[in-house]
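The values are calculated or read from the model by the stated rules, or taken from the named source; none is laboratory data. Note that the coordinates shown come from a computational prediction; the quantities given were computed from them, not determined experimentally. Positions of Cβ are generated from backbone atoms using ideal geometry, with glycine treated the same way; all protein chains shown enter the neighbour counts.
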Amino acid sequence: MLIGGLLAGVMYSLVALGFVLIYKASGVFNFAQGAMVFLAALTFVSLLERGVNFWVALVITLAVMVVLGISIEKVVLRPLVNQPPITLFMATIGLTFVLEGLSQAVWGSQPHGLDLGIADLPMQWLADATGMFISQFDLFASGIAAVLVASLAIFFQYTRIGRALRAVADDHQAALAVGIPLKHIWAIVWSVAGFVALVAGLMWGARNGVQYSLTFIALKALPVLILGGFESIPGAIVGGLIIGASEKLAEVYIGPMVGGGIESWFAYAIALLFLLVRPQGLFGEKIIDRV
Amino acid sequence: MSREQRIGETVLSVENVSLAFGGVKALQDVSFDVREHEVRAIIGPNGAGKSSMLNVINGVYHPQQGTIRLCANGAWKQFHDMDSHEAAAMGIARTFQNIALFKGMTVLDNVMTGRNLKMRASFVEQAIWIGRARREELEHRRAVEEIIDFMEIQHIRKAPVGKLPYGLQKRVELARALAAEPRLLLLDEPMSGMNLEEKQDMCRFVLDVNDHYGTTVVLIEHDMGVVMDISDRVVVLDYGRKIADGTPDEVRANQAVIDAYLGVAH
Amino acid sequence: MLYREAGQFKSTYAEDQQIFPIRQDRVAVLALLVVAFVVVPLVANQYWLSAILTPFLIFALAALGLNILTGYAGQLSLGTAAFMAAGAFMAYNFVLRMPWLGIIPSFILAGICAAAVGIVFGLPSLRIKGFYLAVATLACQFFVLWAIQRIGWFTNNSATGVITAQSVEILGYAFDSPERKYLLTLAIVAVLALLAKNLMRSETGRAFMAVRDMDVAASVIGIPMMKTKLLAFAISSFYCGVAGALYAYTYLGTVEPEAFTLDLSFRILFMIIIGGVGSILGSFLGAAFITLLPIFLNVLFGAASHTFGLDISHAIVSNIELMIFGGLIIFFLIVEPHGLARLWQIAKEKLRLWPFPH
């Protein structure tokens with residue numbers, strides 16, 4: 001059961017990664033990430049249902065996400081360049097609604113199933129050997145997450161673009177002053193985030209079906225980010241694992257005492273605790289206010 | 001009565017204050033005193049700890065060591081742990097280096113916030129706008145208008161503060177500090193970023209405040225001309241330590257000060 | 001030219017402090033009140049009263065509450081719907097268990113309960129700011145809804161979690177028709193709006209704005225952080241609580257916890273962004289805008305279908321509505337962050353000169 005919680009946590013981490021990326025590179029908390037996940041998943045599934053080949057659909061969806069990323073940068077971010085973060089956050093809330101409406105207007109609002117070819121069944125040999133029930137699917141998801149995290153971490157640490165992204169996240173003006181092409185950078189970042197959204201969308205869609213409730217995953221990601229720190233990729237993973245595990249454990253152990261259904265807010269309670277005790281999260285950097 | 005004659009007993013005493021941020025020592029064992037009605041300047045090179053010193057006096061930072069003693073109505077109060085809200089209640093008001101005005105409000109509202117400690121009506125009374133709340137608001141409005149006249153900012157009283165030029169904003173900030181009718185006024189570089197004319201105006205205001213209201217003033221200032229002209233005594237800080245303390249003339253002639261800060265005329 | 005202030009001098013501070021210092025404004029507001037209280041009930045049909053005007057007033061009140069917290073005091077809150085829910089369900093319980101109280105006192109007590117919830121969930125604001133605080137308010141939103149759904153006492157142990165609001169009676173006079181419900185709502189909202197305006201003009205309002213603009217400076221000049229922030233949460237939640245009670249009693253009738261989801265919180269946030277943060281008038285403008293927009297769109301698409309012979313499904317219209325909401329938020333944030341209220345002020349400025357060119 002603990003394992004189940006951990007693996008569920010990996011799924012949260014996948015979504016949280018998208019947030020971290022955008023926050024790391026542009027200092028914006030993209031509330032619309034959930035809507036992006038939804039849009040990606042919905043587009044992909046709808047293409048599949050219209051008979052498009054799996055890989056082609058994947059490429060097309062990716063292209064859509066990239067275009068989306070570039071347009072968001074142009075229409076929403078650029079005009080709001082020097083506004084306080086709260087304004088940007090509210091703009092992304094607006095963006096969420098736009099994307100939700102758009103996805104459903106274009107593709108319709110029925111739920112879709114998504115089959116990635118990997119069954120959500122426990123692996124028999126493992127169950128026989130150790131008595132643990134771990135689903136193939138969860139394992140696959142963890143694998144994907146691990147690969148993603150590793151490649152993103154390398155990207156940020158060691159490539160030139162990665163460094164530029166980190167500079168931009170730190171201080172827009174300063175980055176401009178050293179000649180970093182802000183617009184290109186942001187377009188890149190949002191596109192990468194779109195790609196991550198796609199992956200997350202596929203994973204979640206396969207597990208829960210592609211439907212409107214997918215957008216609410218964004219809300220689950222928030223506690224993950226608070227725990228892990230908004231700017232830390234390893235933090236997103238660790239945070240996701242902790243949230244996933246504790247949610248499950250709380251539901252099982254504390255749930256029956258208070259009528260069940262704690263899952264809806266338990267993650268937030270943990271996040272709240274963290275906010276009061278260690279607001280920068282486990283891996284984040286402390287922010288000091290200068291008078 | 002000349003200024004020297006009016007200066008009274010010690011009203012603020014800074015004793016062995018040390019302040020550090022992590023590994024950075026902002027202040028090391030600084031002690032000095034301030035007498036009532038005087039104008040005390042704190043000078044020194046950038047990073048010497050001057051703003052930190054003011055922040056300690058009014059409770060924004062808490063020193064690791066040392067105490068601040070404040071004389072209130074003849075009785076001495078001692079702290080090393082006062083918080084800024086308590087400092088305000090004890091009659092300490094200040095302005096900031098980077099203007100700390102409330103950008104979303106008008107000049108009038110900003111100065112009125114300076115009166116907040118004197119307002120007694122509860123929020124319920126204010127909502128219904130009767131009796132005490134109404135009277136208070138009008139009374140304090142009257143007091144604030146006097147200060148606005150004094151600082152010569154009547155023409156902009158309804159302007160949103162964010163739209164004003166820098167020099168006027170500094171004046172509004174001073175007005176807000178005065179609105180509290182403070183005993184001790186801490187000014188952090190009140191004249192920075194001003195041209196000669198604005199500086200002269202500001203000097204005049206500071207001196208008028210000191211004369212007219214009798215307020216004790218502690219100010220940080222870089223312009224030596226200003227310091228020499230308006231202050232009664234000067235404290236010099238360098239790298240967090242006090243290196244000189246005395247009248248402007250004494251300090252100007254002090255070798256350590258010349259080496260660290262003033263330099264020599266060629 | 002009609003709007004000139006020339007000749008209207010203020011000779012006392014009291015005159016300067018009026019809510020509507022310009023005579024034309026006073027006349028206009030008086031006229032508006034007359035229309036709202038007298039003309040509308042006589043002229044408007046049932047649909048307009050019960051489906052448009054009454055909810056508009058209720059949302060305006062909730063928007064007012066949120067504006068006090070987020071617009072004036074600068075504490076971003078995504079838990080508005082939770083406070084409304086608290087007000088609604090507590091009002092239900094007061095009327096149910098203490099019927100001798102009367103409906104207005106029940107509403108007031110419900111508001112106070114909502115205020116208490118607000119204070120508890122406002123405590124984090126003492127340590128965290130900005131959008132981290134928004135996250136904390138999300139915790140409030142989810143927790144309160146869960147509590148109402150799981151703890152039977154709130155719904156009088158209703159199996160479905162749905163309650164039916166009792167009929168509204170004051171001193172034997174039943175408020176059962178749309179006209180009467182509208183008038184009751186109007187009266188309550190008008191009074192609360194006046195109280196809010198007074199409050200925001202006085203020291204409390206200034207303290208809120210000071211905390212919003214620069215809380216360190218506010219603390220330095222003596223404004224008590226904790227008391228001010230918690231007061232903002234309390235007052236704001238009170239308003240939202242009363243709005244929630246009205247929502248249940250004069251609009252919904254049958255109330256389920258699902259009526260108070262995060263979606264509603266966002267809606268109200270949109271109202272204040274579009275209407276104007278930090279403005280009482282803005283709350284009303286925003287509420288009007290968001291209440292009327294779906295109707296306007298429906299009419300528009302209905303007309304488009306007719307003229308062009310297109311069949312635009314309801315689902316598509318509501319999705320386009322979502323997109324327009326979102327788009328407007330972004331638009332206003334970019335172009336006029338102070339919303340419709342500022343646009344209105346600008347219009348008034350222009351009216352001063354009209355019809356002269358300059």
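What to note about this one:
- Enumeration of residues in the stretch C:160-186 that are in contact (Cβ under 8 Å) with a residue 40 or more places away in the chain and in a helix (DSSP H, G or I): C:Pro178, C:Glu179, C:Lys181, C:Tyr182, C:Leu183, C:Leu184, C:Thr185, C:Leu186
- The stretch C:250-278, residues that are hydroxyl-bearing (Ser, Thr, Tyr) and crowded, with 24+ Cβ neighbours inside 10 Å: C:Thr250, C:Ser265
- Take the conditions (1) at positive phi; (2) surrounded by fewer than 16 Cβ atoms within 10 Å (Cβ to Cβ); (3) within 14 Å of chain B (Cβ to nearest Cβ); C:Lys227 misses just one of them, which is (1).
- Evaluation of B:Leu219 against (1) among the aliphatic types (A, V, I, L, M); (2) closer than 20 Å to B:Leu185 by Cβ; (3) not in a strand (DSSP E or B) (one fails), failing number: (3)
- Annotation note: of C:Leu49, C:Leu57, C:Leu96, the sole residue that is touching a Lys or Arg at 6+ places or on another chain (Cβ under 9 Å) and either touching a residue at least 24 places away in the same chain (Cβ under 8 Å) or of a type in the set (Phe, Trp, Tyr) (or both) is C:Leu49.
- Only one entry of B:Arg115, B:Arg40, B:Arg6 meets the criterion of being basic (Lys, Arg) and outside the structural domain of B:Val236 (by TED's automatic domain parsing), and that entry is B:Arg115.
- A:Ile254 meets each of the listed conditions (1) farther than 27 Å from A:Thr43 by Cβ; (2) touching a residue at least 24 places away in the same chain (Cβ under 8 Å); (3) among the aliphatic types (A, V, I, L, M); (4) out of contact with any Phe, Trp or Tyr (no Cβ under 7 Å at 6 or more places or on another chain) apart from (2).
- Selection status of B:Arg176, part of a helix (DSSP H, G or I), among the basic types (Lys, Arg), under 20 Å from B:Gln97 (Cβ atoms) and touching a residue at least 60 places away in the same chain (Cβ under 8 Å): yes
- Filter pass, C:Val135 being of a type outside the set (D, E, K, R), assigned to a helix (DSSP H, G or I) and without any contact (Cβ under 8 Å) to a residue 60 or more places away in the chain: yes
- Condition broken by B:Ala127, with the remaining ones in (1) closer than 25 Å to C:Ala193 by Cβ; (2) not in a helix (DSSP H, G or I) satisfied: (2)
- Leading residue by the ranking (surrounded by the most Cβ atoms within 10 Å (Cβ to Cβ)) among those in the stretch C:327-355 that are closer than 22 Å to A:Phe89 by Cα and free of Cβ contacts under 8 Å to residues at least 40 places away in the same chain: C:Ile330
- Out of C:Ile128, C:Ile104, sole residue that is aliphatic (A, V, I, L, M) and in a helix (DSSP H, G or I): C:Ile104
- Residue match in the stretch C:241-251 (condition: within 17 Å of C:Gly65 (Cα to Cα), more than 14 Å from chain B (Cβ to nearest Cβ) and among the polar types (S, T, N, Q)): no
- Among residues that are in a helix (DSSP H, G or I), among the aliphatic types (A, V, I, L, M) and closer than 26 Å to A:Glu49 by Cβ, A:Val199 is included.
- Leading residue by the ranking (surrounded by the fewest Cβ atoms within 10 Å (Cβ to Cβ)) among those in the stretch A:1-45 that are aliphatic (A, V, I, L, M) and not in a helix (DSSP H, G or I): A:Met1
- Count of the stretch C:274-328 residues, restricted to those that are among the charged types (D, E, K, R) and within 10 Å of another protein chain (Cβ to nearest Cβ), is 1.
- No other residue among B:Leu186, B:Leu117, B:Leu101 is in a loop (DSSP other than H, G, I, E, B), within 11 Å of chain C (Cβ to nearest Cβ) and over 23 Å from C:Ile19 (Cβ atoms) apart from B:Leu101.
- When C:Val135 is tested against (1) of a type in the set (Val, Ile, Thr); (2) crowded, with 16+ Cβ neighbours inside 10 Å; (3) within 14 Å of another protein chain (Cβ to nearest Cβ); (4) out of contact with any Pro (no Cβ under 8 Å at 6 or more places or on another chain), only condition (4) is not met.
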